[in-house]
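Quick one: this structure, given as structure tokens, is what I'll be asking you about.
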Amino acid sequence: MATACKANARRHDGDMASLATARGRIGYEKAGGGNGLPILFLHGVGSDKSVWAPQLAHFGKSRRAVAIEYPGYGDSEFVEGATRDDFAASILAAMDSLDIARAHICGLSLGGVIALAIHAASPRRCASLIIADSFAAHPDGQGIYDRSVAASRSMTMRAMAEARTPVLLGSAATQELKREVIDTMAAIDPAAFRLGAAAVWLADQRDRAAAIDVPTLILCGDEDAVTPPALSEQLGKLIAGSRVEMILASGHLANAEQPRHFNAAIDRFLGEFETPA
């Protein structure tokens, strides 16, 4: 269960904190060590670092696994007017503070958008990209943004989360996961959520995607109604040499809905080009 995974990750070798960076205080959670190249996890617009608990527990067995939050989310300082490129700069600053020169970058939804921005800002720091349930440009991005902002102003974040969660999750999602997603979204600062909404839904990074030259895995839940599989297929056509894989029986939060299959797909991908220590 998702909550059990989260608790286990926190009891065993987990470390939740915020750290001082050149871009202000940034929230993060880390697990593990080992000789493998670190892997970073970037969350979506309605989430925070806690969504990556199953991945920290799994990948922390072989390498440093770190989930990082954007300005205004969780334990990170709010930055008025922060853009997607500011979010990317904050992740790079957190890497500096954590003494991570280079890493695999895994982002879901907004996190995938930020992963593209990180590569554009500093490609040498990206050993690979794993982009889940995301896109280079969303055909209804402006509409989703407008509706998200309106909802964040007219209702509480909890009410919005309760309305949004059935759309986010696929048919196999447990009631426990549904409650967890609602609680996490309910805790987000509405002002930070609006910055995140602009960063993700108004993005058009097709040129940036076409310039990517590192190994790239694109994952998508086959039941994703928010960023449908067709958008992942389009992204795959933009990124030379990339591979697209579907996560079965999953909606928009593939990493939390089907963590075993999500993690296995990444293990296979990394195993194709990483040299064992």
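If you build a Gaussian network model of the chain, linking Cα atoms that sit under 10 Å apart, which residue out of Asn255, Asn35, Asn263 swings the most?
Its mean-square fluctuation being the largest, the pick is Asn35.
Where a ≥ b ≥ c are the square roots of the eigenvalues of the C-alpha gyration tensor, would you call region 132-198 rounded, which needs a/c under 1.5, or, failing that, prolate if a/b is larger than b/c, or oblate? Can you show the working numbers first?
Working: a/c = 1.98, a/b = 1.19, b/c = 1.67.
The shape class here is oblate.
Here's something else I'd like to know. How many Lys pairs in the chain lie less than 17 angstrom apart by Cα atoms, where the lysines are 8 or more positions apart or on different chains?
Details: Lys6/Lys30; Lys6/Lys49; Lys6/Lys61; Lys6/Lys178; Lys30/Lys49; Lys30/Lys61; Lys49/Lys178.
Lysine pairs meeting the criterion: 7.
Related question: Looking at the chain, send over the antiparallel percent of its DSSP beta bridges, to the nearest 5. List each step's numbers first, then the result.
Numbers: 13 of 37 bridges.
Here the share of antiparallel DSSP bridges comes out near 35 percent.
May I ask you to give the percent of accessible area on region 29-84 that is carbon plus sulfur, with a probe radius of 1.4 Å? Write out the running numbers ahead of the final one.
Details: 820 of 1770 Å².
So the carbon and sulfur contribution to the accessible surface is 46 percent.
Sorted by average packing, counted as other Cβ atoms within 10 angstrom per residue and highest first, what order do 242-248, 88-94 take?
Values: 242-248: 18.3, 88-94: 22.9.
The densest-packed peptide leads the list: 88-94, 242-248.
Using a Förster distance of 22 Å, how high is the FRET efficiency between Asn263 and Gln175, based on the Cβ-Cβ distance and rounded to 0.05?
0.45
Between Ala210 and Asp140, what FRET efficiency comes out of the Förster formula 1/(1 + (r/R0)^6) with R0 = 25 Å and r the beta carbon distance, rounded to 0.05?
Values: r = 22 Å, r/R0 = 0.87.
For R0 = 25 Å, the calculated efficiency reads 0.70.
Shifting gears a bit: Return the calculated 222 nm mean residue ellipticity for the chain, to the nearest 500 deg cm²/dmol, obtained by summing -39500 (n - 2.57) across DSSP H runs with n ≥ 4 and dividing by the residue count. Don't jump to the answer; show the numbers that get you there.
Details: 12 runs with 125 residues, N = 277.
Per the formula, -13500 deg cm²/dmol.
Roughly how many whole Å is it from the C-alpha centroid of region 143-183 to that of region 13-81?
22 Å
The values are calculated or read from the model by the stated rules, or taken from the named source; none is laboratory data. From a predicted model like this one, the values you see are computed outputs, not experimental measurements. Note that each Cβ is placed from the backbone with ideal geometry, even for glycine, and that neighbours are counted across all protein chains shown. The accessibility values were calculated without ligands, DNA or RNA, using every heavy atom of the protein model including side chains. Shrake-Rupley method; radii C 1.70, N 1.55, O 1.52, S 1.80 Å.
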